[in-house]
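To start, the structure under review is shown below, and the notes come after it.
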Amino acid sequence: MKNRIVLIVLAAFMIGALGAMITLRPNTSGQVRSEGPALVGGPFSLIDPSGRTVTDADFRGKFMLVFFGYTYCPDICPNELGVMTSALNKLGDEAKRVAPIFITIDPERDTPQQLASYVTDFHPQLVALTGSPEAVNAAIKAYRVYAARMKDANSAADYLMDHSAFVYLMGPDGKYVTHLNYGVTADKMADVLKRTLASVQ
């Protein structure tokens, strides 16, 4: 419970810190609309399950649906990736315009081999990425993600990762479009995606 309170406070602080550059307006769809340039997103160079180097530039021309988490996450990560999978399934052929991306916050355990096994449970388009601690931390900072190692005697590795759980929607140019909060339903996420895709033909 204490860790969860810390997460909520820090996540709220990060959103507030963007206030100088971005005005966030939550609505009933779970979407947060913005005005002005947002300091979210940026270049990354990571590794996919095959060991191939993948950069943000590889996704130009497609929308990126980006989620940061880790494979040993007990609940939040598999739940959110499941929502992303269901939302993309609801898009039909339009889902081809979206690149769902899962970036680990735990590169020590999330090797390419570990990611290759993990992603089979989710959407076939899902791109899972890891890398050196330095490369992963650069991506974490670019997306203003909160992530911290927390001691946990019940974990096989003696730790869990506390982290924020936003899903970021980035445009075909790699720039921030909006983000969705944890807990948004697949229907609402699909609706946000449909409306955004319809606005850019």
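The values are calculated or read from the model by the stated rules, or taken from the named source; none is laboratory data. Note that the coordinates shown come from a computational prediction; the quantities given were computed from them, not determined experimentally. Backbone-built Cβ (ideal geometry, glycine too); neighbour counts: all protein chains shown. To get the accessible areas, we keep the full protein, side chains included, count just its heavy atoms, and leave off ligands, DNA and RNA. Shrake-Rupley method; radii C 1.70, N 1.55, O 1.52, S 1.80 Å.
Okay, here's what the table says:
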| read-out | value |
| --- | --- |
| Test: A38 is at pLDDT below 95 and buried (at least 18 other Cβ atoms within 10 Å of the Cβ) | yes |
| Residues being assigned to a loop (DSSP other than H, G, I, E, B) and open to solvent by 20 Å² or more (accessible area, probe 1.4 Å) - total across segment 49-90 | 10 |
| Output for segment 115-151, where each listed residue is outside any loop (DSSP other than H, G, I, E, B), under 14 Å from the mean Cα position of the chain (by Cα) and hydroxyl-bearing (S, T, Y) | T130 |
| Count of segment 102-126 residues which are more than 16 Å from M161 (Cα to Cα) and either touching a helix residue (DSSP H, G or I) at 6+ places or on another chain (Cβ under 8 Å) or basic (K, R) (or both) | 5 |
| Neighbours by Cβ (under 9 Å, 6+ apart or cross-chain): first from segment 158-169, without any contact (Cβ under 8 Å) to a residue 24 or more places away in the chain and acidic (D, E); second open to solvent by 10 Å² or more (accessible area, probe 1.4 Å) and in a loop (DSSP other than H, G, I, E, B) | D158/D152 |
| Count of residues meeting criterion [modelled with pLDDT of 90 or more and open to solvent by less than 40 Å² (accessible area, probe 1.4 Å)] in segment 149-171 | 11 |
| Wholly within segment 159-201, strands (runs of 3 or more DSSP E) carrying at least 1 residues that are more than 16 Å from the chain's Cα centre (by Cα) | 159-163 |
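The rows are residues; the columns are (1) aromatic (F, W, Y); (2) open to solvent by 60 Å² or more (accessible area, probe 1.4 Å); (3) in contact with a Phe, Trp or Tyr (Cβ under 7 Å, 6 or more places away or on another chain).
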| site | (1), (2), (3) |
| --- | --- |
| G92 | no, no, no |
| I103 | no, no, yes |
| A116 | no, no, no |
| P124 | no, yes, no |
| P133 | no, yes, no |
| I140 | no, no, yes |
